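Below is one structure, written out as structure tokens; comments come after it.
The values are calculated or read from the model by the stated rules, or taken from the named source; none is laboratory data. Predicted model only: the values in this text are computed from it and were never measured. Neighbour counts run over all protein chains shown; Cβ positions are idealised from the backbone, glycine included.
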Amino acid sequence: MPEPIFTQLPLSHFAAALAFGYLLGSIPFGLLLTSMAGLGDVRKIGSGNIGATNVLRTGNKMLAAVTLLLDALKGTVAVVVAAHFSFEAAVLAGFGAFLGHLFPMWLGFKGGKGVATYVGVLLGLMPVMVVVFAVVWIATAYLTRYSSLAALLAAIVVPISLFLMGEGRLTELFVIMSIITFIKHRTNIARLMNGTESRIGAKG
């Protein structure tokens, strides 16, 4: 049986890694970039999300791409910096960044859906799995034009793939992150089921 991933550090290190990741992850790049570009508050259009998919609904593809990149890098940077101390610290920092994006204290704990940061954490911990995520996401998005469905399917495939690769500790982490991703997408799931979910490229 793999050792639990969240019990390998002293409490002080546990808290420091988690807090570092959380603070980094809570930077609301989508909101900051759209505001600086004079596009207003991205929370008032489309889904109200601060992530790249909703930024795309402003009609500014470049800004959406930059938002996607920066939201992903929050997770990657958290992992890479913390990895200088230990693998466990990297895992905790990555998880913290994911939680920070979802629940930023600067925005009343109302953040994004976490997909880009999820991928960023994956990039920092297991780069090859980003290819798996991307293939599933791109194929699903191309066929359906539903960003949410693409993300949800990819979030199912990732922990299954990690388990099959024998990556026990990472499997535990990404099972937790995938479950949270599904919870954050519950309204999207409801809209997918009743046929009212917005498609990629649709403006708010």
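Here are the numbers for the structure shown:
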item: Scope region 26-40; condition over 21 Å from the mean Cα position of the chain (by Cα) and at negative phi; matching residues; result: SER35, MET36, ALA37, LEU39
item: Residues (at positive phi and without any contact (Cβ under 8 Å) to a residue 40 or more places away in the chain) located in region 41-54; result: GLY48
item: Among residues of region 135-154, those that are among the small types (Gly, Ala, Ser), closer than 20 Å to GLY112 by Cα and free of Cβ contacts under 8 Å to residues at least 40 places away in the same chain, counted; result: 3
item: Verdict on LEU152 being surrounded by fewer than 16 Cβ atoms within 10 Å (Cβ to Cβ) and among the aliphatic types (A, V, I, L, M); result: no
item: Hits in region 137-148 (condition: under 25 Å from GLY100 (Cα atoms) and at pLDDT 95 or above); result: TRP137
item: Close pairs from region 97-112: first under 17 Å from VAL79 (Cβ atoms) and aromatic (Phe, Trp, Tyr), partner in a loop (DSSP other than H, G, I, E, B) and modelled with pLDDT of 90 or more, Cβ under 7 Å, at least 6 apart; result: PHE98/GLY114
item: Complete set of residues in region 13-31 that are modelled with pLDDT of 90 or more and hydrophobic (A, V, I, L, M, F, W, C); result: ALA16, ALA17, LEU18, ALA19, PHE20, LEU23, LEU24, ILE27, PHE29
item: THR53 vs. criteria under 20 Å from ALA151 (Cβ atoms) and either of a type in the set (S, T, N, Q) or surrounded by fewer than 16 Cβ atoms within 10 Å (Cβ to Cβ) (or both); result: yes
item: Considering residues of region 155-169 that are at pLDDT below 95 and in a helix (DSSP H, G or I) only, the residue nearest to TYR118 (Cα to Cα); result: ARG169
item: Enumeration of residues in region 157-170 that are within 19 Å of SER86 (Cβ to Cβ) and not small (Gly, Ala, Ser); result: GLU167, ARG169, LEU170
item: Count of residues meeting criterion [assigned to a helix (DSSP H, G or I) and either more than 17 Å from GLY120 (Cα to Cα) or aliphatic (A, V, I, L, M) (or both)] in region 173-204; result: 18
item: Considering residues of region 140-172 that are of a type in the set (Ser, Thr, Tyr) and out of contact with any Pro (no Cβ under 8 Å at 6 or more places or on another chain) only, the residue nearest to LEU125 (Cα to Cα); result: SER161
item: Residues of region 87-119 that turn out to be surrounded by fewer than 24 Cβ atoms within 10 Å (Cβ to Cβ) and on the phi > 0 side of the Ramachandran plot, as a count; result: 2
